[in-house]
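Undergrad: The structure under discussion is supplied below as structure tokens; questions concerning it will follow.
The values are calculated or read from the model by the stated rules, or taken from the named source; none is laboratory data. The structure presented is a predicted model; accordingly, all values stated were derived computationally and were not measured. Cβ sites come from the backbone with ideal geometry, for glycine too, and all protein chains shown count toward neighbours.
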Amino acid sequence: MADFIRFFIPFYFILFFAVSFLGISIAVARKIGKNPNVLPKDDSAYALVGWYFKLILAVLWIYTTLPLFVPSVAKSFKIRMLDSELFQYFGAGLMIFAFIWVVIAQLQMKDSWRIGIDEHMKTELVTSGLFQFSRNPIF
């Protein structure tokens, strides 16, 4: 199980980022003719939050993929409390469910999907699908 987890988590996050950030961004950009990443690059507090968001994603990316490429660090990254195989299977199943949930929610957003708040392009409020139960079902 330990080898499975060592490979599953990095590949999961690679797939998750590729689909839920890169893939959706490219698909929406093609539809609307504009980059949906609208985090500001000025010196505002909102831009600082966007910078922290990108930094956290980069650190998470490194934390999850480093053990795949440098197996010796996998032991130092290990959380001993989570060694139960039942817990690991449950966690892997929950991650797969979450991935499917996020992709469905992003697809249901259609052209309204953005990273950040777009103050220039207004889109219709999505009130169907998962959005009839939550304003942001991804989180």
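Undergrad: Quick one: how many residues across the stretch 8-26 are within 10 Å of residue 64 (Cα to Cα), among the aromatic types (Phe, Trp, Tyr) and either loosely packed, with under 12 Cβ neighbours inside 10 Å or in contact with a Phe, Trp or Tyr (Cβ under 9 Å, 6 or more places away or on another chain) (or both)?
TA: 2
Undergrad: Being touching a helix residue (DSSP H, G or I) at 6+ places or on another chain (Cβ under 7 Å) and either within 16 Å of residue 58 (Cβ to Cβ) or hydrophobic (A, V, I, L, M, F, W, C) (or both) is the filter here, so list the residues in the stretch 1-13 that pass it.
TA: 1, 5, 7, 8, 9, 10, 13
Undergrad: Oh, and also: Checking the structure you have, find out if any residue of the stretch 66-81 is surrounded by 10 or more Cβ atoms within 10 Å (Cβ to Cβ), touching a residue at least 24 places away in the same chain (Cβ under 8 Å), within 13 Å of residue 12 (Cβ to Cβ) and out of contact with any Pro (no Cβ under 9 Å at 6 or more places or on another chain).
TA: no
Undergrad: When only residues in the stretch 88-125 that are at pLDDT below 85 and among the β-branched types (Val, Ile, Thr) count, which is nearest to residue 54 (Cα to Cα)?
TA: 115
Undergrad: Further question on the same structure: Going residue by residue through the stretch 66-78, is there one that turns out to be outside any helix (DSSP H, G or I), of a type in the set (D, E, K, R) and modelled with pLDDT under 85? Reasoning before the result, please.
TA: So in the stretch 66-78, the residues outside any helix (DSSP H, G or I) come out as 70, 78.
From the residues that got through so far, the ones that are of a type in the set (D, E, K, R) too are 78.
Filter once more, so that each one left must be modelled with pLDDT under 85: 78.
For the stretch 66-78, residues outside any helix (DSSP H, G or I), of a type in the set (D, E, K, R) and modelled with pLDDT under 85: present.
Undergrad: Any residue at all in the stretch 35-52 that is farther than 14 Å from residue 116 by Cα and outside any loop (DSSP other than H, G, I, E, B)?
TA: no
Undergrad: So, of the residues in the stretch 112-136 that are small (Gly, Ala, Ser) and farther than 13 Å from residue 28 by Cβ, which turns out to be surrounded by the fewest Cβ atoms within 10 Å (Cβ to Cβ)?
TA: First, the residues of the stretch 112-136 that are small (Gly, Ala, Ser): 112, 116, 128-129, 134.
Retained after the next criterion (residues that are farther than 13 Å from residue 28 by Cβ): 128-129, 134.
Values: 128: 7, 129: 14, 134: 10.
For the stretch 112-136, the residue satisfying everything is 128.
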